1. Quick one: if the Förster radius is 41 Å, what FRET efficiency do LEU362 and LEU193 give, using the C-beta to C-beta distance and rounding to 0.05?
2. Quick check on packing: order 403-413, 187-197 by the mean number of other C-beta atoms within 10 Å, highest mean leading.
3. Using a cut-off of 30 Å between alpha-carbon atoms, which lysines can reach LYS310, once sequence neighbours fewer than 8 places away in the same chain are excluded?
4. Give the residue from LEU349, GLY189, SER260 lying farthest towards the positive end of the charge dipole for region 51-358; charges sit on Cβ (+1 for Lys and Arg, -1 for Asp and Glu) and the dipole is referred to the Cα centre.
5. Taking 0.36 nm per residue of sequence separation and subtracting the Cα-Cα distance, how much length would be gained by fully extending the chain between MET1 and LYS291, in nm to one decimal?
6. Which FRET efficiency value, to the nearest 0.05, is calculated for GLU70 and GLU129 with the Förster distance at 45 angstrom and r the Cβ-Cβ distance?
7. What angle do you read, to the nearest 10 degrees and between 0 and 90, between the alpha-carbon axis of helix 154-167 and the longest principal axis of the chain?
8. Between PHE319 and TYR218, take the C-beta separation as r, use R0 = 41 Å, and let me know the FRET efficiency to the nearest 0.05.
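The values are calculated or read from the model by the stated rules, or taken from the named source; none is laboratory data. Everything numeric in this text was worked out from a predicted model, so none of it was measured. Note that we place each Cβ from the backbone using ideal geometry, even for glycine, and neighbour counts take in every protein chain shown. These accessible areas exclude ligands, DNA and RNA; they are computed on the full protein's heavy atoms, side chains included. Shrake-Rupley method; radii C 1.70, N 1.55, O 1.52, S 1.80 Å.
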Amino acid sequence: MRILLRGVRPIGGNKTDVLIEKGVIKGISPGIRVDSDRVFDLDGAVLLPSLVDLHSHTRQPGGDEQETVESFSRAAVHGGVTSAVSMPNTSPVVDNPAIVSWLINEFRRVGLVDVLPAAAITVGQQGKELTEMAELKKAGAVAVTEDGRSVRDSRLMRYALEYARTVGLPVFLHSEDERLSDGGAMNEGRTSLELGLKGIPGISETVGILRDLEIAAYVGARIHVCHISLARSVSIVSQYKKQFPGLVSCETAPHYMLFSDRDVAGYSTNFKMNPPLRDDSDRKALVKAVKRRDVDCIATDHAPHTEWDKELEFSMAPFGIVGIETWLSSLVHYFVNAGILGWDDIVELCCDNPRRILGLPLVRIEEGAPADVVVVDPESEWEVSPGSLFSKSKNSPFLGKRLAGKVLLTIKSGRVVYSD
Ligand SMILES: [Zn+2]
């Protein structure tokens, strides 16, 4: 299979042609003329390595009402993603090697996206007994995490981090002091008072992060702090990075860079997630921290929920929004096209750094490199609507919005897995 991409701009550079053959990039130069099975005229669209999401809820196994292996795969490639780390808070919980293997095989069967399973830290995420991390790694788990909650028992957390270190698995941390969150529904502050909703204070995140960082530094484990929502969390992580090189990396998600707790004013549950949207000064600080790379990556925290669950009143509705399909578009629309982030920033934040954290080889746009790429048009727009999303769930805060940065083509191992 030979694929010719005509007139693409690798990482936003000059227009050229790119030839893909037998799963690799075979040639890059203007005016390539060879017989090809498929030729795409892409006229100035941007060619990037395909994206790697460090934080996805595939809802598999067990959550077929919200997402299936098939619908998640289609959503991922629509978003330019060809690898995604799946969270283990499923039913049953991903806490044994058989489920890890099942996930990998199911996604292989569909054949669009590689799932990189993160396994649970404790059996059933019950916070009592550690999982067999060595066996989980052998089966293909790339990390362990208790995502959806944190490990409450600090002593168990210490043993978990020691075990993960011995086995060589990174620990992805949903750092939260749940006693401080105390059943809140949105950010605690002036807006929560005005709206009459119970707040989740910033300290529930920072206290969680501080505890986890202290234990990790003590035992020398490698950790990755998930979905940071606060400027204060960034400065805490930065301090530990300085003091303990190689100890910690961290991520935020597009919604924390784009929305604030004011967006909750309409009581739309598509603005309810955990951690919650914070105030506008945190939002602005996160954008700066991403630019400075005090935040290492942007991940989606794609969290599908059914319409009937999200139709509950705000305080009762589940946390989480879908995001894998709007990930790249929203970053292009609001940051690249506005001159706030460059294409090289996108590559580092959404492709290279996630791969570094997982210990995967980087994908470069160069001859001989694996053809795992995405073509995105920074000018062409699409409307985010229930009909345009491939995910089985439609709980997106972008519903009704038009976003530039449409994904035209996603190619995995030299095979077209999505084409607009
Ligand atoms: Zn989480």
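1. Calculated value: 0.30.
2. So the peptides 403-413, 187-197, ranked by packing, come out 403-413, 187-197.
3. LYS198, LYS272, LYS284, LYS392, LYS394, LYS401, LYS406
4. LEU349
5. Extending this stretch completely gives an extra 100.5 nm.
6. The formula returns an efficiency of 0.85 here.
7. 30
8. Calculated transfer efficiency: 0.85.
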